[in-house]
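Scroll down for the structure; my scribbles are underneath it.
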Amino acid sequence: MKFSLKIFVAFVALSIFLISCRTSDDPVTPPSVNELEGLVKVKEFSNDTHTIELYTVTGTTQLGYNELKFRIKNKSSNQYEKNASVNWSPVMHMTSMSHSGPKSSITKVTPDGTLYTGYLVFQMPQNATEYWDLKFDYSINGTAYTATTVVDVPDSAKRRVNSFLGSDNTKYIVAYIEPRTPKVAVNDMTLGVWKMQDMMTFPVVDGYTVKIDPRMPGMGNHGSPNNVNATQTSAGKLYNGKLSLTMTGYWKINLQLANAAGTVLKGEEVTDQNPASSLFFEIEF
């Protein structure tokens, strides 16, 4: 019995040692990444070869700035494409003409993933007879494809985008981006400035300043301290500043667009005699 017990104990100890060694030597499988976390599908649409899935954080598209993500699924293999080269074009179909709007280039969210990202700006809402569509032109392994879908762009209760003619006779678009969820604090503010080069081309404007003056019209039109005007960190980028919100409620963010020389091209300073600028955003929280 003693001999058998010793053998049993030794066998158990050896087994535990071998299991421990084998476990420590096994490669660790990285956790799978959910590329769609925090995203809601807006819609999907197809051509003969692929289905394109379009996503945003809200599951909708809106008047103004839209950050969009999408995947391209091969109908035959049921796999998502990882090496597509994509261009896109938003077009507003009006009764008298058609035009585009600001857009970014498209990039991969991660090099090995299937999700692509970019932004579009819809500067006017749809109506009963006029609408936006979005065309994808893309190539995979040297083969070209195209797909088009209608995009829902309803009117907005609050102003988040301005389209106007500046005093330099150039048409500009200024769109609100962040904060998406404003707080009683000094918020990081992001906005975009583009100009109309022609009806289908709207490049980013470089080197300008967007002056910020938030006011509460329902509270004596009081302002707030510590705002920082929006500027670029580098050419081709969006504009960043600081937006101070001292209480909840309705705010009108009065703006002035100034060029690189400091000349104001649109918007007026808020004074006792002039309670609001003609260039502004609206938020309520």
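With contacts taken as Cα pairs under 8 Å and at least 6 residues apart, the chain reaches a relative contact order of 12 percent.
Report which label in (1) 152; (2) 123; (3) 240 holds the value of volume of the Cα convex hull per residue in Å³ derived from the coordinates of this structure. The listed entry that was calculated here is (3).
Let a ≥ b ≥ c be the square roots of the eigenvalues of the Cα gyration tensor of the stretch 126-285; is it rounded (a/c under 1.5), or, if not, prolate (a/b larger than b/c) or oblate? Verdict is prolate for the stretch 126-285. If R0 is taken as 30 Å, the Cβ-Cβ distance between residue 77 and residue 152 corresponds to a FRET efficiency of 0.50.
Proximity of backbone amide H atoms, modeled 1.01 Å from N, is registered between residue 204 and no other residue at under 5 Å, excluding neighbours fewer than 5 places apart on the same chain.
Rounded to whole Å, give me the distance from the Cα center of the stretch 267-283 to that of the stretch 166-222. Cα centres, the stretch 267-283 to the stretch 166-222: 13 Å. Normalised by the number of residues in the stretch 219-285, the average gap of Cα pairs under 8 Å and 6 or more apart makes the relative contact order 26 percent. Shape descriptor for the stretch 189-253: Rg over Rh equals 1.10 (Cα atoms; Rh from the Kirkwood inverse mean 1/r). Counting only DSSP H runs of at least 4 residues, each contributing -39500 (n - 2.57), and dividing by the residue count of the chain, the helix-based mean residue ellipticity at 222 nm comes to -3000 deg cm²/dmol. When each of the peptides 167-177, 43-53 is scored by the mean number of other C-beta atoms lying within 10 Å of its residues, the order from highest to lowest reads 167-177, 43-53. Taking only C-alpha pairs under 8 Å that are 6+ residues apart, what is the relative contact order of the stretch 69-160 in percent? Contact order relative to length: 28 percent. With only the Cα atoms considered, the stretch 77-215 has a convex hull volume of 190 Å³ per residue. For the listed residue pairs 108/135; 43/82; 158/266; 82/195, the alpha carbons are over 23 angstrom apart in 82/195. Counting only alpha carbon atoms, the long axis of helix 2-25 and the longest principal axis of the chain meet at about 30°. Rolling a 1.4 angstrom probe over the protein heavy atoms with all chains in place gives the stretch 65-155 an accessible area of 48 Å² per residue.
The values are calculated or read from the model by the stated rules, or taken from the named source; none is laboratory data. Treat the numbers as computed from the prediction; the structure is a model and nothing was measured. Note: ideal-geometry Cβ built from the backbone for every residue, glycine included; neighbour counts use all protein chains shown. Remember, those area values only see protein heavy atoms, side chains included, never the ligands or the DNA or RNA. Shrake-Rupley method; radii C 1.70, N 1.55, O 1.52, S 1.80 Å.
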